[in-house]
Amino acid sequence: MRGIPIQARSSRGCRRVRSGRRVAVYTAYFRGHDGTMIALQAHAACLLAACIAVPASAAPGPKTGAADAVRAIIDREFPSLFDLYRHFHAHPELSLCEEKSSGRLADELREAGCEVTTGVGGHGVVALLRNGEGPTVLVRADMDALPVKEQTGLPYASTVVTRDDSGREVPVMHACGHDVHMTALVGTARLFKQLRERWRGTLVFIGQPAEERVAGARAMLADGLFTRFPRPEYCLALHVGTEAPAGSVVATAGFAMAGSDAVEITIRGVGGHGAFPHKARDPIVLAAQMILSLQTIVSREIPPGDAAVVTVGSIHGGTKANIIPDEVKLQLTLRSYTDEVRRKILDAIGRITRGLAAAAGVPEDRMPVVQLGPQSTGPTYNDPELTRRLAAAWASWLGNDRVVAGKPVMGAEDFGEYGRTEHKIPICMFWIGALAPEAFRAEGPAPPSSLHSPQFAPVPEPTIKTGITAMAAAILELMAAGPLEATSRIPNLSPMGASERPGPLDLSQ
Ligand SMILES: [Zn+2]
Ligand SMILES: [Zn+2]
């Protein structure tokens, strides 16, 4: 989806949310790239970015004089940032193995005038840029890559092959754009070192490990990110995206990305000869029943207005056609937006698997074992007020047509963890377009590739420059020295209440 809403037609209704109160539901209409109209229905909070009251005359440009200075510095720094990007791109490292990436990132941030601490929560990097009294703002870049064989044909494509946890040889690629994120972080640090007279406070730049395992944010927090270092008043992050062309920013206020859980189910039966099934309890037949029954959780147990996903992504059991095995293993990914829905899904999995095993006559001591894996994370909740404020700043800096309202998606991220601590810090993660505008035209060459694809190839210059510019606009909106000239009018829409902000994730069974 792309484009900004051409009208927020007043097809407005109500529905009840888990708190029991009723919230307004709006329908906004977007023009899709093929010219058709797309209706988007969401809570008021989800449409905040879509409904920003940017003055119609707002044009990209320096309302504060800062934009010109920012542009000049970014243009000057870009050649060396492009070298750095190519280096990161050609040397990807898997999650929890980001030793060289974090080392290079630390060196670059030190060079940019930051006080740098390494080894925070594994390979995490914390770099402070102090500039007197003022707010503290955290800016995060993730550093890890994926076991994907790059097929972009780029001259700086990765040819790295390494071993994963299980000892298997795997190719490695920055297929999620974390190389762009690290480069933009260094660019932002260099920029703010040179812009000292325009801001006040402390910038906390972090290089986070293991995002792809949704483990790095929790590891850095557990290692004292908010206690050993200045605690931020706001946390910001950008991520490359494929929903809008390079040069655009996509923002979603309120819930933006889902919470994710990995679950492993061990279905235990009683093994035996394939020709004597009556003497066994067949876990393969049981697995088939369970996979289908698990699909009724979303379709029959979760309220239709609540988003949820239950996917069985792997099934392993048996060795030979004429043997009934002892057990079958299933691996699932679950997605949800609220703790209540998450709990319902987990409870239903336990009930369904146990009930079907009992119906099949599995002995009590061979009941299924359901384990919640370590790769769990809560939803990413973008503070509506903060997101709306930043979106207005981006519209002012980049132009209205380059700020796009995003929809909540069922993908997951662990950036949300920074907003889920006891400190309840407002956070905002936004997307920056990474693909060439031609790919979005109806007559364009090919549909845009997605994140994690072996063909994922951001167009470096507009992507990196827009990333740094958008982050600079956000930071200056929060930390500018002296009053900013009014560049943004904040609409009088009531955001989703603070009570909706999720608390810490319950990792117990
Ligand atoms: Zn990813
Ligand atoms: Zn990513």
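The values are calculated or read from the model by the stated rules, or taken from the named source; none is laboratory data. What you are looking at is a predicted structure, and each value in this text was computed from that prediction instead of being measured. All Cβ positions, even for glycine, are placed from backbone atoms using ideal geometry, and neighbour counts span all protein chains on display.
Take the conditions (1) out of contact with any Asp or Glu (no Cβ under 9 Å at 6 or more places or on another chain); (2) modelled with pLDDT of 55 or more; THR64 misses just one of them, which is (1). Of all residues being within 16 Å of ligand 2 (Cβ to nearest atom) and in a loop (DSSP other than H, G, I, E, B) in the stretch 128-148, which is nearest to MET182 (Cα to Cα)? Just the residue, please. Ranking the candidates gives MET143 first. So in the stretch 207-218, with the set limited to residues that are within 15 Å of ligand 2 (Cβ to nearest atom) and of a type in the set (D, E, K, R), which one is farthest from PRO92 (Cα to Cα)? Selected residue: ARG213.
Conditions tested, residue by residue: (1) without any contact (Cβ under 8 Å) to a residue 24 or more places away in the chain; (2) within 16 Å of ligand 2 (Cβ to nearest atom).
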site	(1), (2)
ARG168	yes, no
VAL172	no, yes
GLY177	no, yes
VAL180	no, yes
LYS193	no, no
PHE205	no, no
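If the condition is being away from ligand 2 (no atom under 12 Å from the Cβ) and either within 14 Å of the chain's Cα centre (by Cα) or surrounded by fewer than 20 Cβ atoms within 10 Å (Cβ to Cβ) (or both), then the stretch 222-238 contributes ALA222, ASP223, GLY224, PHE226, THR227, ARG228, PRO230, ARG231, GLU233, CYS235, LEU236. For SER396, the conditions (1) buried (at least 20 other Cβ atoms within 10 Å of the Cβ); (2) modelled with pLDDT of 95 or more all hold with the exception of (2). Pairs meeting the criteria (first residue in the stretch 63-86 and in the same structural domain as ILE464 (by TED's automatic domain parsing), second residue surrounded by fewer than 16 Cβ atoms within 10 Å (Cβ to Cβ) and assigned to a helix (DSSP H, G or I), beta carbons under 9 Å, at least 6 apart or on different chains) are PHE78/GLU461; PHE82/GLU461. From the list ARG168, ARG198, ARG231, ARG140, the one residue that fits, being of a type in the set (Lys, Arg) and within 16 Å of ligand 1 (Cβ to nearest atom), is ARG140. Listed by first and then second residue, the pairs linking a residue in the stretch 209-223 that is on the phi > 0 side of the Ramachandran plot and touching a residue at least 40 places away in the same chain (Cβ under 8 Å) to a residue that is assigned to a helix (DSSP H, G or I) and more than 13 Å from ligand 1 (Cβ to nearest atom), with Cβ atoms under 7 Å apart and 6 or more places separating them unless they lie on different chains, are ALA210/ALA219. Counting residues in the stretch 420-428 that are closer than 23 Å to ILE464 by Cα and in the same structural domain as PHE456 (by TED's automatic domain parsing) gives one or more. Listed by first and then second residue, the pairs with beta-carbon distance under 9 Å, at least 6 apart or on different chains, first residue in the stretch 313-325 and more than 30 Å from ARG335 (Cα to Cα), second part of a strand (DSSP E or B), are ASN322/HIS273; ILE323/GLY272; ILE323/HIS273; ILE324/VAL270; ILE324/GLY272; ILE324/HIS273; ILE324/ARG281; PRO325/GLY317.
Per-residue answers, yes or no, for (1) touching a helix residue (DSSP H, G or I) at 6+ places or on another chain (Cβ under 7 Å); (2) within 16 Å of ligand 2 (Cβ to nearest atom):
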{"residue": "ALA348", "(1), (2)": "yes, no"}
{"residue": "ASP365", "(1), (2)": "no, no"}
{"residue": "GLU385", "(1), (2)": "no, no"}
{"residue": "TRP394", "(1), (2)": "yes, no"}
{"residue": "GLY399", "(1), (2)": "no, no"}
{"residue": "ALA405", "(1), (2)": "yes, no"}
{"residue": "ALA412", "(1), (2)": "no, yes"}
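When GLU417, GLU422, GLU461 are screened for being modelled with pLDDT of 95 or more, surrounded by fewer than 20 Cβ atoms within 10 Å (Cβ to Cβ) and part of a helix (DSSP H, G or I), only GLU461 passes. Among the residues of this structure, GLY241 does not count as one that is away from ligand 2 (no atom under 16 Å from the Cβ) and of a type outside the set (S, T, N, Q). Annotation note: of VAL309, VAL341, VAL369, the sole residue that is among the hydrophobic types (A, V, I, L, M, F, W, C), within 30 Å of GLU212 (Cα to Cα), within 29 Å of the chain's Cα centre (by Cα) and surrounded by fewer than 17 Cβ atoms within 10 Å (Cβ to Cβ) is VAL309.
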